[in-house]
1. Filter the stretch 65-103 down to the residues that are hydrophobic (A, V, I, L, M, F, W, C), under 18 Å from Leu148 (Cα atoms) and exposed (fewer than 15 other Cβ atoms within 10 Å of the Cβ) and list them by number.
2. So which of Leu163, Leu153, Leu178, Leu146 ends up being part of a helix (DSSP H, G or I), touching a residue at least 40 places away in the same chain (Cβ under 8 Å) and within 24 Å of Leu35 (Cα to Cα)?
Amino acid sequence: MDSRHLNRDAALTPGTLENSSSFRSPQVYDLAALLSFPKIEETLTGIGRELTQIHDETPRIVHYVSDLHRWLITQIALSLYFDQVTGIDPAGLTVSRLLKMKPLKPYASRNTFSSHFLQMRRFNIFMVEAQGDMRTRPLIPGEDALRLIRIWLDEHLAALDGLDGGERVAFSKAHPALLYHA
């Protein structure tokens, strides 16, 4: 596994939240509670603006993964990668593993998967970690992909912090490995 991805931060263990003096557990909200915040409209407008900036910065990437089928494949691919990084599933991400996933079968054929991953490699969304057969070589997200996912996560955490005065973004920045658990 590429050390750039695995060793970014000390492990985020279950006790990290409880033992962190700089983090208070956030409130859990239902939809009615969220909509009752006085700043909800301003917050939604702000996060929409921030996410639009991601599109403006990388329109080809965002456009490419905006199709529902490609988005679903990409989300599951990221999940497999994050499961490997966190130790939940050491097998990691390969195209052959994705091809075997029953929930994806109605959405994508072998050709769709192959085409999708060739394009994602072209845009550096995912990169091949080792030489060999494309179907069995481990894939890892590119630096830009991880950076964009981090921005997406932190913007959403910042929106919640703006509503309730929480400290989610500060905790996320202090513990970058949180991204792999989100």
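1. Trp71
2. Being part of a helix (DSSP H, G or I), touching a residue at least 40 places away in the same chain (Cβ under 8 Å) and within 24 Å of Leu35 (Cα to Cα) holds for just one of Leu163, Leu153, Leu178, Leu146, which is Leu163.
One line per residue, one yes/no per condition, for (1) closer than 27 Å to Val169 by Cβ; (2) touching a strand residue (DSSP E or B) at 6+ places or on another chain (Cβ under 8 Å); (3) hydroxyl-bearing (Ser, Thr, Tyr); (4) surrounded by 14 or more Cβ atoms within 10 Å (Cβ to Cβ):
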site	(1), (2), (3), (4)
Leu35	yes, no, no, no
Lys105	no, no, no, no
Pro141	yes, yes, no, yes
Leu146	yes, no, no, yes
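Any read-out appearing in this document is the output of simple, stated calculations on the displayed coordinates, not a laboratory observation. Just so you know, these numbers come straight off a predicted model, no measurement behind them. Reconstructed Cβ throughout: ideal geometry from the backbone, glycine too, with neighbour counts over all protein chains shown.
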